[in-house]
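What follows is one structure encoded as structure tokens, with my remarks underneath.
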Amino acid sequence: VQLQASGGGLVQAGGSLRLSCAASGPIFSVNDMGWYHQAPGRQRELVARIYSGGSLTYGEAAKGRFTIARANAKNTVYLQMSSLKPDDTGVYYCRIWVGSANYWGQGTQVTVSS
């Protein structure tokens, strides 16, 4: 199973970005999908998770600003990020759960300038 994340880049504070992560490989059914953020020198933290039934969980920093969505037919998860702040800078990793296993993407860099 491979995850390909894209959509990162450099943006000014207050701007928006949309991240995408497509899963490929021997996947029968993806359960949950999520995004994590790792700021420089800090631990990886949950940004958002979307469960197989459609319910959502957001980290505190993401609430009200970010929206997670998925396209099941494409095994793809999205993260729409708005009102970006310099603290949002870092690497964003996607993660999927398939059965009892979970997989991480390679990460996409987001840099928010003040």
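The values are calculated or read from the model by the stated rules, or taken from the named source; none is laboratory data. None of the values given here were measured: they were computed from a predicted structure. Quick reminder, even Gly has a Cβ in these numbers, built from the backbone with ideal geometry, and neighbours come from all protein chains shown. All accessible areas refer to the heavy atoms of the entire protein, side chains included, with ligands and DNA or RNA removed. Shrake-Rupley method; radii C 1.70, N 1.55, O 1.52, S 1.80 Å.
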Open item on the list: Restricting to the stretch 94-114, name every residue that is open to solvent by 40 Å² or more (accessible area, probe 1.4 Å), within 12 Å of G34 (Cβ to Cβ) and either of a type in the set (A, V, I, L, M, F, W, C) or touching a helix residue (DSSP H, G or I) at 6+ places or on another chain (Cβ under 8 Å) (or both).
Closed with: W104
Task: All positions within the stretch 70-86 that are in contact with a Phe, Trp or Tyr (Cβ under 8 Å, 6 or more places away or on another chain) and charged (D, E, K, R) - done: R70
- [ ] Pull up the stretch 36-75, narrow it to residues that are surrounded by fewer than 20 Cβ atoms within 10 Å (Cβ to Cβ) and among the hydroxyl-bearing types (S, T, Y), then point me to the one that is nearest to T111 (Cα to Cα).
- [x] T67
Task: Among residues of the stretch 76-88, those that are buried (at least 18 other Cβ atoms within 10 Å of the Cβ), in contact (Cβ under 8 Å) with a residue 60 or more places away in the chain and more than 26 Å from G25 (Cβ to Cβ), counted - done: 2
- [ ] Taking V91 as meeting all but one of (1) open to solvent by 40 Å² or more (accessible area, probe 1.4 Å); (2) within 17 Å of Q4 (Cβ to Cβ); (3) in contact with a His (Cβ under 8 Å, 6 or more places away or on another chain), write down the number of the exception.
- [x] (1)
Task: Selected residue [in contact with a His (Cβ under 7 Å, 6 or more places away or on another chain) and among the hydrophobic types (A, V, I, L, M, F, W, C)] from V47, V30, V11, V77 - done: V47
